[in-house]
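These notes are about the structure you will find just below.
Each value in this text was obtained by applying a stated rule to the coordinates, not by laboratory testing. The structure displayed is predicted, hence computed values, not measured ones. A quick note on method: Cβ atoms are made from the backbone with ideal geometry, for glycine too, and the neighbour counts reach across all protein chains shown.
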Amino acid sequence: MDDPSAIRLTLSGNDHATGDQAGRHDPIKHPEKFDGIIWRRCLAFFVDVFVLMCLFAVALLATCVVAIVSLGLVSIGAILAFPVLGVLYDTLCIGSTRSATLGMRAMGVTIDSWHGPKPDYWQSFLSSVLFWTTVPVTSFLILLVAFFDPRGRCLHDMLAGTVAVRSN
């Protein structure tokens, strides 16, 4: 991604891919990929929140044990690990070969890179950081952008160069 025009194309949301990649994210040519994608993503988020809450419970138990053993010396560091868990979960799941979190898999959604079939771990990390920083700050209002985009892309998708599509 050394080409600055690639960044502009990613941020603009235009489908300027070349060759056989052209038009694969066009909702007019492939409406089946985007049918109900916003609602599927919403439901997938609730499944992912449940998974993250289970992971947080395990992390909380580990944090308590570490705090007791260290007499509270590493408690602050352990508490700071909680926000990292959501980013790590998203990055590892979306950057994997399945390109989806557990909730996305359950709802039949995968994440594509705008210029390739699957996002790599760096692109997944960028998307996750953008999601977990913009959504809480705006009280989820930033996600309304998806209702005005023909592909159902949220702002973090546009900035990271990703798009959510149906996998089934």
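Just a few scattered comments:
- CD proxy at 222 nm, helix term only [per DSSP H run n ≥ 4: -39500 (n - 2.57); per residue of the chain; nearest 500]: -18000 deg cm²/dmol
- Just checking the listed ones, Ile111, Ile68, Ile37: in the Gaussian network model of the chain with Cα springs under 10 Å, the one fluctuating most is Ile68.
- Counted by neighbouring Cβ atoms within 10 Å, the residues Tyr121, Tyr89 run from fewest to most as Tyr121, Tyr89.
- Excluding the site residues themselves, the longest part of the chain lacking any trypsin sites (Lys or Arg not before Pro) in a DSSP loop with at most 15 other Cβ atoms within 10 Å is 99-168.
- Summed side-chain charge close to Val51 - residues other than Val51 whose Cβ falls under 14 Å, Lys, Arg +1, Asp, Glu -1: -1
- Counting neighbouring beta carbons within 10 Å and listing from fewest to most, the residues Ser139, Ser127 come out as Ser139, Ser127.
- Helix 121-137 and the longest principal axis of the Cα set of the chain meet at an angle near 70°.
- Projecting the Cα atoms of Val69, Leu159, Leu130 onto the charge dipole of the chain (Cβ charges, centred on the Cα centre) puts Val69 farthest toward the positive pole.
- Burial ordering of His115, His25, His30, fewest other beta-carbon atoms within 10 Å first: His30, His115, His25
- Taking every alpha-carbon pair under 8 Å whose residues sit at least 6 apart, segment 31-166 reaches a relative contact order of 29 percent.
- Cα-centred dipole magnitude for the chain, charges only on beta-carbon of K, R (+1) and D, E (-1), debye, nearest 20: 320
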